[in-house]
Every structure is written in structure tokens, then in C-alpha cells.
Amino acid sequence: MHIYIKFKVIFLFLFFVFLINNSSSQSLEEKIGQMIMVGFTGTDVPDSLKYDIEKRNLGGIVLFASNITNPIQLKTLTNKLKLLSKEKLFIGVDQEGGKVARLNQNNGYEASNSAYYLGTIINREDSTRFTAAKMATWLNDGGINLNLAPVVDVNVNPLNPVIALKERSYSDNPFTVTNHAKWFIEEFNKKGVFTVLKHFPGHGSSMTDSHLGFTDITNTWKEIELIPYKELINKNSIDFIMIGHLYNKNLDSLYPASLSKKVVTELLRDSLKFKGLVISDELFMNAISDNYTFDFAIELCIKSGTDILLFKTNIYNKRSLVGYIIETVSDKVRKGIIPEELINNSYERIMKFKNKFISTVKYAKEILDNENIYLINYPNPFNSETIIKFSLPESGDVRFIVYDALGKEVAVLVNDFLNKGQYVIHFNSKDYKISSGVYFYTIFTKEKIITKKMLLMK
């Protein structure tokens with residue numbers, strides 16, 4: 001009895017030491033880093049981007065066609081990016097289909113049907129699902145977890161230079177748009193790729209292109225353009241919405257939607273009840289850069305209630321764009337210009353989503369030379385989350401399963417072909433709604449089955 005009590009006291013002491021060591025919160029600068037998504041030049045990870053990810057806690061990367069040469073190179077690139085980040089990383093791409101498809105016949109993939117072809121010419125569920133499923137497979141296989149699509153702009157203006165003439169809208173009927181977007185989203189979600197509706201509150205009626213300059217939709221915008229958003233929000237079908245650089249004085253007489261608290265917070269969040277993540281359209285577009293200073297645009301974008309700021313590059317005035325934004329925003333927070341609560345709210349939404357949905361498996365930085373599988377987790381005992389490391393001396397099919405004390409399957413963490421190397425899994429008990437107790441984790445390979453024990457204590 002005395003031995004048991006002594007063991008329990010030691011156990012509790014170690015447990016509380018673990019809690020204290022893991023209770024430090026993220027700094028303001030690290031939280032701001034998670035709110036930034038950038039592109040870069042080249043087909044490999046530049047040193048400047050490595051530093052942004054490793055040291056500045058950069059939250060996301062957006063890839064363009066110029067970053068991709070073939071499927072193998074894409075997979076290698078995304079693996080490198082994931083390895084650099086201590087947090088789970090958003091890796092996004094614009095894969096709408098048709099003319100806006102970063103994965104295409106020029107970099108080892110295929111041409112894909114446009115939204116207009118699928119929604120207006122064919123208008124069949126099976127065709128849209130087929131196209132979406134094929135593209136979703138490409139993204140999933142390539143290590144991309146976020147698609148900046150579908151476009152849910154209603155085809156109000158058939159001469160719209162950036163939407164209609166590029167065949168990016170499914171239809172002039174908002175309910176047809178809603179249906180095809182829903183099918184598109186479902187097929188991507190099946191592959192573990194999340195989607196972004198765009199361009200709120202609707203780009204389909206515009207006469208001009210926001211990439212090229214100020215875009216005023218005051219006299220052309222129709223309220224039916226909100227229908228796809230309303231319908232899909234009500235169905236709980238969406239996780240992300242992109243805000244367009246679209247000025248409508250009836251919605252906000254001062255600022256375009258992407259910089260407007262009235263549009264992002266009051267209309268989208270408060271009125272339409274959207275609870276997900278809000279991402280800006282690319283903030284170097286001329287609709288913004290021709291009319292606002294860079295610092296002021298960043299300030300307004302964050303104050304609007306936007307969670308993620310999107311940029312096509314990671315370099316600004318020959319220095320790190322990420323570093324500049326973090327310094328600028330931190331200074332504005334400390335001066336009381338930007339409420340720190342907005343940073344905290346966005347950071348919490350981002351991390352909640354990442355911890356719940358983004359894959360926890362990472363490829364290793366180095367290939368092992370030994371011939372044995374090793375398997376370990378730490379901390380053990382753990383509270384909520386533990387890190388599991390394992391190595392594979394040979395490539396092959398791998399299953400990695402967590403069981404409770406009665407042998408009931410709790411979680412399948414891996415069921416895939418993995419290359420020879422080291423791997424890391426972040427196992428969070430909250431994701432599987434399991435209680436305190438003893439659990440066993442088992443790795444199954446062609447050659448071996450190895451099981452180890454871990455203790456969850458909440």
C-alpha cells in the first residue's frame with residue numbers, strides 16, 4: 001500500500017512538471033505568423049522561406065504553377081515545407097479547373113473542366129463530382145491540404161473579364177452554383193483537402209478585374225449573389241471563405257470588402273453566422289496596392305476580422321515580407337491601433353482548425369541507415385497530446401493503430417505506403433474524445449508488428 005502511494009506521488013509530481021513545462025503560450029509575434037500565407041519563387045524552398053517557417057511561425061504557403069514541375073517534385077517540395085514547421089502548415093493552391101488550375105497539362109497533370117462547362121453546359125452531378133474527385137486526388141497525393149476554390153460567384157455579368165470570360169462561374173442561377181459547389185467541396189473533403197469559397201460578397205457582376213485596379217460593384221451587385229454563401233453556411237458545408245477586393249458603397253461607403261469590418265464581421269460573421277476561417281484575396285492586387293499604403297491595408301484587413309492574410313510572395317522591399325508584417329502588426333498592437341483580441345481570436349480559430357483536421361504525419365529530414373524499426377512516444381504519461389516517433393528501414397505499406405486497454409480500436413493514424421525514413425505523429429486525445437487510461441499503439445509492417453504502451457492522464 002505504501003509503495004503504491006509513493007509511486008502515485010512521484011507520478012503526479014512528474015505529471016505536473018510536464019504540465020508546467022508545456023503551459024507557455026505563444027508570443028504575439030508567433031500568433032501573427034500563423035495569420036500569414038505567402039507564395040515564393042522557384043521549385044525548391046528558398047532560404048528566406050525556411051527562416052520564415054522555422055523562426056517566424058509562418059502559418060501557410062500558397063503554390064503557383066511556377067512552383068510545380070511534376071507530381072514527384074511537388075510531393076518532395078510539400079514534404080520539405082511540412083518538415084520545417086513546428087506547427088501544422090496550410091499548403092494551398094488555386095485548383096478551380098479550366099483556366100485557373102495550377103496543376104495542369106504543363107506540369108505532369110491533365111487539363112480539367114471549367115466551372116462553366118460543368119455547371120452550365122453539362123449541369124450533371126456525376127460530372128462535377130468526377131472532375132472534383134480527380135483534382136482532389138492530385139492535391140492529396142501532392143501533399144496539398146487547402147484548395148482556394150470553388151468559385152461561387154454567380155454569373156450575373158456574362159462579359160465579366162475575370163469571372164465569366166474565364167469560365168470560372170458555374171451558372172447565372174445561384175442555386176445551381178450552390179449545388180455544384182457542394183459536390184465539389186464534398187469530393188475534396190473525402191480526400192482530406194479543404195476548400196475556400198470565393199469571392200465574398202460576389203465578384204460575378206463586376207465590370208472590371210480586381211487584379212488590375214479598383215473594382216466597384218455598387219450598381220451591378222445583386223443580393224442573389226449571397227445565396228450560395230447562405231445556403232452552404234446553413235448546411236455547415238464550408239470551413240473557409242475568401243473576401244474579394246470589391247467595393248460596394250451600400251455595404252461599406254469607405255472600404256472594399258476585404259478591408260471592411262462591416263462586410264467581414266457584421267455581414268459574414270454576425271448576420272450570416274459564418275464560424276469558420278476568413279482569408280483575404282491576394283493583398284498585392286492593384287485594387288488594394290493602388291489605393292492604400294501597405295501598412296494601412298494590413299491594419300484594415302486584420303481589423304475587418306480576417307484571419308489569414310494572403311500574399312503572392314515572401315519578399316517585400318528586398319527583405320522578408322513575413323518579418324515585416326510581424327514587426328508592423330506587433331507595433332500597431334502595442335500602440336493600441338490594432339486590438340490584440342483580434343490577433344488572439346484569429347490565432348485560436350486557426351489552431352483549432354489545424355489541430356482538428358490537418359494530417360499529423362510528417363516525413364523525416366534524414367533517412368536512417370540502421371536495419372531496425374524503433375518506436376517511442378513522449379511525454380509518457382501525457383496530458384492530451386503526445387509525440388510518437390517511429391522509423392522504417394524499408395519502404396512499404398504501414399498501418400499505425402491506437403487501441404484502448406480492452407483492445408478496442410481508438411484511432412487509425414496511418415494506413416498508407418510510406419518511404420524508408422523517420423516519421424513523427426502528433427497524437428491529440430481530444431481529437432478522438434478518449435478519457436484517461438492505458439492505451440496501446442501498434443505499428444504493422446510487412447516484416448514486423450510492434451506494440452508499446454502509453455498512459456493518458458487528464
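For every residue, the table says whether it meets (1) in contact with a Pro (Cβ under 9 Å, 6 or more places away or on another chain); (2) open to solvent by 50 Å² or more (accessible area, probe 1.4 Å); (3) charged (D, E, K, R); (4) over 25 Å from residue 176 (Cβ atoms).
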site: 42; (1), (2), (3), (4): no, no, no, yes
site: 50; (1), (2), (3), (4): no, yes, yes, yes
site: 77; (1), (2), (3), (4): no, no, no, yes
site: 90; (1), (2), (3), (4): no, no, no, yes
site: 107; (1), (2), (3), (4): yes, no, no, yes
site: 115; (1), (2), (3), (4): yes, no, no, no
site: 143; (1), (2), (3), (4): no, no, no, yes
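Residues are listed down the side, and each one gets a yes or a no for (1) touching a helix residue (DSSP H, G or I) at 6+ places or on another chain (Cβ under 6 Å); (2) over 20 Å from residue 308 (Cα atoms):
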| site | (1), (2) |
| --- | --- |
| 214 | yes, yes |
| 227 | yes, yes |
| 249 | no, yes |
| 266 | no, no |
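Filtered by the rule that a residue be assigned to a helix (DSSP H, G or I) and closer than 25 Å to residue 96 by Cα, region 46-79 gives 65, 66, 67, 71, 72, 73, 74, 75, 76, 77, 78, 79.
Of all residues in region 28-45, those satisfying the criterion of being of a type in the set (Gly, Ala, Ser) and either touching a Leu at 6+ places or on another chain (Cβ under 8 Å) or in a helix (DSSP H, G or I) (or both) are 33, 39.
Kindly indicate the residue of region 338-395 that is modelled with pLDDT of 75 or more, part of a loop (DSSP other than H, G, I, E, B) and in contact with a Lys or Arg (Cβ under 9 Å, 6 or more places away or on another chain) and also most open to solvent (accessible area, probe 1.4 Å) among those meeting that condition. So, considering only residues that are modelled with pLDDT of 75 or more, part of a loop (DSSP other than H, G, I, E, B) and in contact with a Lys or Arg (Cβ under 9 Å, 6 or more places away or on another chain), the one most open to solvent (accessible area, probe 1.4 Å) is 394. Quick one: would you say residue 250 is modelled with pLDDT of 95 or more and assigned to a loop (DSSP other than H, G, I, E, B)? The answer is yes for residue 250. I'm checking my understanding of the structure. Among residues of region 92-103 that are touching a helix residue (DSSP H, G or I) at 6+ places or on another chain (Cβ under 8 Å) and among the charged types (D, E, K, R), which one is least open to solvent (accessible area, probe 1.4 Å)? Residue satisfying both the conditions and the ranking: 96. Mind telling me which of the residues 163, 185, 122 ends up being among the hydrophobic types (A, V, I, L, M, F, W, C) and under 22 Å from residue 223 (Cα atoms)? Going through 163, 185, 122 in turn, just one is among the hydrophobic types (A, V, I, L, M, F, W, C) and under 22 Å from residue 223 (Cα atoms): 163. Scanning region 239-259 for residues that are open to solvent by 20 Å² or more (accessible area, probe 1.4 Å) and more than 20 Å from residue 205 (Cβ to Cβ) yields 239, 254.
Applying the criterion of being in contact with a helix residue (DSSP H, G or I) (Cβ under 8 Å, 6 or more places away or on another chain) and not in a helix (DSSP H, G or I) to the residues of region 413-458, the residue that is nearest to residue 399 (Cα to Cα) is 428. Filtered by the rule that a residue be in contact with a Phe, Trp or Tyr (Cβ under 9 Å, 6 or more places away or on another chain) and surrounded by fewer than 16 Cβ atoms within 10 Å (Cβ to Cβ), region 313-337 gives 313, 317. Here residue 262 meets each of (1) in contact (Cβ under 8 Å) with a residue 12 or more places away in the chain; (2) open to solvent by 10 Å² or more (accessible area, probe 1.4 Å) with one exception, condition (1). For region 270-328, enumerate the residues that are assigned to a strand (DSSP E or B) and polar (S, T, N, Q). Passing the criteria: 280, 320.
Only one entry in 305, 276 is buried (at least 16 other Cβ atoms within 10 Å of the Cβ) and on the phi > 0 side of the Ramachandran plot, namely 305. Quick check on region 157-192: of everything there that is assigned to a loop (DSSP other than H, G, I, E, B), over 17 Å from the mean Cα position of the chain (by Cα) and touching a residue at least 60 places away in the same chain (Cβ under 8 Å), which residue is surrounded by the fewest Cβ atoms within 10 Å (Cβ to Cβ)? Among residues in region 157-192 that are assigned to a loop (DSSP other than H, G, I, E, B), over 17 Å from the mean Cα position of the chain (by Cα) and touching a residue at least 60 places away in the same chain (Cβ under 8 Å), the one surrounded by the fewest Cβ atoms within 10 Å (Cβ to Cβ) is 157.
Put simply, of 208, 218, 195 the only residue that is in a loop (DSSP other than H, G, I, E, B), open to solvent by less than 30 Å² (accessible area, probe 1.4 Å), touching a strand residue (DSSP E or B) at 6+ places or on another chain (Cβ under 9 Å) and β-branched (Val, Ile, Thr) is 218. Which of the residues belonging to region 396-427 are surrounded by 14 or more Cβ atoms within 10 Å (Cβ to Cβ) and of a type in the set (A, V, I, L, M)? Correct list: 398, 401, 402, 410, 411, 413, 414, 418, 424, 425. Going by the structure shown, is residue 86 of a type in the set (D, E, K, R) and over 20 Å from residue 323 (Cα atoms)? So residue 86 fails the test.
The values are calculated or read from the model by the stated rules, or taken from the named source; none is laboratory data. These figures come from a predicted structure and were not determined experimentally. As a convention, Cβ positions derive from the backbone with ideal geometry for all residues, glycine included, and neighbour counts pool all protein chains shown. Keep in mind that these areas ignore ligands, DNA and RNA; they rest on the heavy atoms of the full protein, side chains included. Shrake-Rupley method; radii C 1.70, N 1.55, O 1.52, S 1.80 Å.
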